[in-house]
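Since the structure comes first, as structure tokens, the remarks are kept for the end.
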Amino acid sequence: MALIMNYSGVPLFPLLTLKNTHSLRSLVFVKSIGGKTSVLLSPESFRINEGSYADRKNIDVATYDDKCVFQSPQNVPEELEPLWDDGYGTQTIKDFAEISMDLIKNDRGPPRWFCPATCGFPLKESPTLLYLPGIDGTGAGLVVHEKGLGKLFHVQCLHIPVSDRTALEGLISIVEETVLIEHYSSPNKPIYLLGDSLGGSLALAVAARNPTIDLMLILANPATSYERSSEHPLIPLVRDLPMSPLLSDFVKMTTVGINGTNHSPFLWQLFGKFLEDVPLQSVMAKILPNDTLEWRLKLIQSAAAYVNSRFHAITAQVLVLASGKDNFIPSKTEAQRLKRLLKNCHVRVFEENGHTILLESNVNLLSVIKTNQIYRRSLKHDIFKDFYPASMTEFKSSPMEKWWFRLYTGTTLFSTMEDGKIVRGLAGIPDDGPVLVVGNHMLWGFDAFSLVPEFLREKKITLHGLAHPESYQIREEDEYLMIPLTDIHKIFGTIPVSARNLFKLLSRNSFALLYPGGARESLHRKGESCKLFWPDKQEFVRMAVKLGATIIPYGAVGEDDLTELLIDLEDMKRIPFLDQKVKEFNQGRKNLRAGHGGEIAKQPLHIPIFLPKLPGRLYFMFGKPIQTKGKEHMLNDKDYLRELYLQIKCDVEKNIAYLLTKREKDPYRGIFDRLMWVSNHGSLDNIPSFEP
């Protein structure tokens, strides 16, 4: 677990612990080349040399909490809990400035590595992430994200002193040597290079020189286009102004961590933060004085030239984060160029962000890594082992958690206890898996966007929805439509539906959400909103019995209160233009029910045309849990499996009928009634409904 390393004369660097008072205390993480043991030392107990690591062997690993209280490494978890705290927004541009100023005090010597103390210790078997800074060179550019990254990576940041004039080859060698140490220490793990601007070019250079090493590159506005940026009208101003505001979007930096509440509106928070942080701009002149800026610009130019002649040698997987309002380099067009030139490159564009994207709002690096499914701890990505649940930040920033969505849907849930009593909420849902939740699909699977967050909100359980695989296979022409949808799927743990994936979920004691009606049910015709289209086969029942899963049948209603279906598939077939679009949309796409026969097997994918209605309310009713544990001996009893399947289907239909009747007595079925209740009580939680 290499957190701070000393190699080939690159000295160790103090680890910084930032207190609430913003005072700094120095600590050091050290690793021996020959072993896997580490220690956390203070500078008083450890002398920094240029020659070698600490001459200590068999040292137990030590870690600490936010107050620097030492703990045992045995407490390091193997996985994260749902709604874990990723710390996003708790550190901002102000912390960046203060840490950077502390870093450059008495800042002599060559470039070196350090690990922010707020990163702590990550999950077991986590990979290493090397952060390569931008033009500022401080290495503090991860301050907004380091708490979350520290849970999933062994983070190391490269610091380039203000007075350092190490040439490009020297910087590449420093990064390359560290990569080699990590590779030989853990050859079966990937090494992540997170390059910011100049650091993006360094990452690509190292990847070109080491095509056989398993590298994962994340490039934030890489400066590989600098040669073509010399004609940019703002470049001369950048040369004349120290750490010019042209490099960043200061408003975006200021709004990191601001969400806005009823008691402190967003605009007032923004104004207060802006006044608080404006003086920090003067700090930038000390971090990057004119002579250092001139040297760094020369580095950027030489690095761009170096990399542009070596793209053919890069085999690493690359993710480019490009800003739409980068005033320093044409990042958006450069990202598309890299996508064409590199063998395995994907691009994410952030239209409203500037050059210093990692310090700005609306960019949660952990979410970007997760939605692009590039996090892995071994040679190949495993959709189960490498999944980490939604953090509190991801949950709160999701569209389903927005006040308007919750008010619009008015989602209310009822569940059935073991004794048959119906209660409000999810008390009837078991706390431990494996659990298989089975129900009916609303139009376009709209119900899942309300159901999954409710499980997180009330029980802190990740309910893994099983979705059509096409949700993950985005064609370039569809990405603007599909990416927001698939991002939500990936953040909240949706898995492509297959027998193999269902087996893996249940065998891991997870909670799985299955819709037997599939595409035919979610793409139903007019007048079919509560009708089931289940196949005759009952494979999921057999699998649940084999793994002893608890089956919970549920019914959902309310689609008819929220949307009006205008044009369904039958209408599209009668309109030549729409019929052709449906056929084009389905070319090359997988039909999961092709072997079932009948109407289900002929369901093409399409996008129904509907209008929103003055909303009513979504209702979910969970039936009595069906226990299958201890029934493994019934696996070959076809009659038993058939009866169980019919029981589940019957329970779903009963739950639907129950809700259709009871919702007529709900005084808060309409949105205006709910709005009045919220205005009087100040909360979207526990809006009353009918009595069960």
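Table: residues versus (1) within 38 Å of the chain's Cα centre (by Cα); (2) of a type in the set (D, E, K, R); (3) modelled with pLDDT of 95 or more; (4) open to solvent by 90 Å² or more (accessible area, probe 1.4 Å).
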residue	(1), (2), (3), (4)
Lys638	no, yes, no, yes
Asp651	yes, yes, yes, no
His681	yes, no, no, yes
Asn686	yes, no, no, yes
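Being of a type in the set (A, V, I, L, M, F, W, C), open to solvent by 10 Å² or more (accessible area, probe 1.4 Å) and touching a residue at least 40 places away in the same chain (Cβ under 8 Å) is true for just one of Leu407, Leu426, Leu456. Which residue is that?
Working: Leu426 fails: open to solvent by 10 Å² or more (accessible area, probe 1.4 Å); Leu456 fails: open to solvent by 10 Å² or more (accessible area, probe 1.4 Å).
Matching residue, one of Leu407, Leu426, Leu456: Leu407.
Residues that are under 25 Å from Pro389 (Cα atoms), of a type in the set (Ser, Thr, Tyr) and at pLDDT 95 or above: does the range 113-125 have at least one? Taking every residue of the range 113-125 in turn, none turns out to be under 25 Å from Pro389 (Cα atoms), of a type in the set (Ser, Thr, Tyr) and at pLDDT 95 or above.
Within the range 172-191, one or more residues are over 24 Å from Ser126 (Cα atoms) and more than 25 Å from the chain's Cα centre (by Cα).
Taking the criterion of being among the charged types (D, E, K, R) and touching a helix residue (DSSP H, G or I) at 6+ places or on another chain (Cβ under 8 Å), the residues of the range 664-690 that qualify are Arg669, Arg674.
Tell me which residues, restricted to the range 194-210, are among the small types (Gly, Ala, Ser) and assigned to a loop (DSSP other than H, G, I, E, B). Explain how you work it out, then say what you get.
Pass one, the range 194-210, residues among the small types (Gly, Ala, Ser): 195, 197, 199-201, 203, 205, 207-208.
Residue satisfying the conditions is Ser197 alone.
Considering only the range 187-195, I want to know if a residue exists there that is in contact with a Pro (Cβ under 8 Å, 6 or more places away or on another chain), β-branched (Val, Ile, Thr) and more than 27 Å from Lys286 (Cα to Cα). Checking the range 187-195: at least one residue is in contact with a Pro (Cβ under 8 Å, 6 or more places away or on another chain), β-branched (Val, Ile, Thr) and more than 27 Å from Lys286 (Cα to Cα).
How do the helices (runs of 4 or more DSSP H) wholly within the range 406-507 filter down when requiring 2 or more residues that are modelled with pLDDT of 95 or more: which remain?
Numbers: elements: 448-459, 479-491, 499-507.
By residue number, 448-459, 499-507.
When Ser309 is tested against (1) open to solvent by 60 Å² or more (accessible area, probe 1.4 Å); (2) modelled with pLDDT of 95 or more; (3) of a type in the set (Gly, Ala, Ser), exactly one condition is not met: (2). All but one of (1) open to solvent by 20 Å² or more (accessible area, probe 1.4 Å); (2) within 21 Å of Val452 (Cβ to Cβ) hold for Asp536, so report the exception by its number. Answer for Asp536: the failing condition is (2). Figure legend. Inter-residue proximity from the range 555-572: first residues more than 13 Å from Glu528 (Cα to Cα) and charged (D, E, K, R), second residues in a strand (DSSP E or B) and open to solvent by 10 Å² or more (accessible area, probe 1.4 Å), beta-carbon distance below 9 Å, spacing 6+ or different chains. Indicated pairs: Asp571/Ile609. The set of residues in the range 376-393 being among the polar types (S, T, N, Q) and either part of a strand (DSSP E or B) or modelled with pLDDT of 95 or more (or both) consists of Ser391 alone.
Okay, residues lined up against (1) open to solvent by 10 Å² or more (accessible area, probe 1.4 Å); (2) part of a helix (DSSP H, G or I):
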site: Tyr88; (1), (2): yes, no
site: Trp113; (1), (2): no, no
site: Leu129; (1), (2): no, no
site: Gly137; (1), (2): no, no
site: Leu142; (1), (2): no, no
site: Gly148; (1), (2): no, yes
site: Lys151; (1), (2): yes, yes
site: Thr166; (1), (2): yes, no
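Only one of the numbered conditions (1) in contact (Cβ under 8 Å) with a residue 24 or more places away in the chain; (2) open to solvent by less than 50 Å² (accessible area, probe 1.4 Å); (3) not in a loop (DSSP other than H, G, I, E, B) is not met by Phe610, and that is (2). Looking across the range 653-678 at every residue that is open to solvent by 80 Å² or more (accessible area, probe 1.4 Å) and of a type outside the set (A, V, I, L, M), the one that is nearest to Glu401 (Cα to Cα) is identified as Phe672. Which of the residues belonging to the range 635-659 are in contact (Cβ under 8 Å) with a residue 12 or more places away in the chain and not in a helix (DSSP H, G or I)? Leu635, the sole residue that qualifies.
Which members of the range 215-224 meet the condition of being in contact with a strand residue (DSSP E or B) (Cβ under 7 Å, 6 or more places away or on another chain) and of a type outside the set (Gly, Ala, Ser)? Once the filter is applied, which keeps residues that are in contact with a strand residue (DSSP E or B) (Cβ under 7 Å, 6 or more places away or on another chain) and of a type outside the set (Gly, Ala, Ser), the range 215-224 yields Leu215, Met216, Leu217, Ile218, Leu219, Asn221, Pro222. Looking only at residues of the range 617-634 that are under 13 Å from Ala549 (Cα atoms) and in a loop (DSSP other than H, G, I, E, B), we find that the one that is most open to solvent (accessible area, probe 1.4 Å) is Lys629.
Name the residues in the range 168-193 that are assigned to a loop (DSSP other than H, G, I, E, B) and either touching a residue at least 60 places away in the same chain (Cβ under 8 Å) or touching a strand residue (DSSP E or B) at 6+ places or on another chain (Cβ under 7 Å) (or both), would you? Selection gives Asn188, Lys189, Pro190. Taken over the range 189-224, the criterion of being under 20 Å from Leu297 (Cα atoms) and open to solvent by 10 Å² or more (accessible area, probe 1.4 Å) is satisfied by Asp196 alone. Only a single item in (1) at pLDDT below 95; (2) of a type outside the set (Asp, Glu); (3) buried (at least 21 other Cβ atoms within 10 Å of the Cβ) is not met by Ile314, and it is number (1).
The values are calculated or read from the model by the stated rules, or taken from the named source; none is laboratory data. Just so it is clear, the structure is predicted and the values come from calculations on it, not from any experiment. In this analysis, Cβ positions are derived from the backbone assuming ideal geometry, glycine residues included, and neighbour counts consider all displayed protein chains. Heads up: the accessible areas ignore ligands, DNA and RNA and are worked out on the full protein's heavy atoms, side chains in. Shrake-Rupley method; radii C 1.70, N 1.55, O 1.52, S 1.80 Å.
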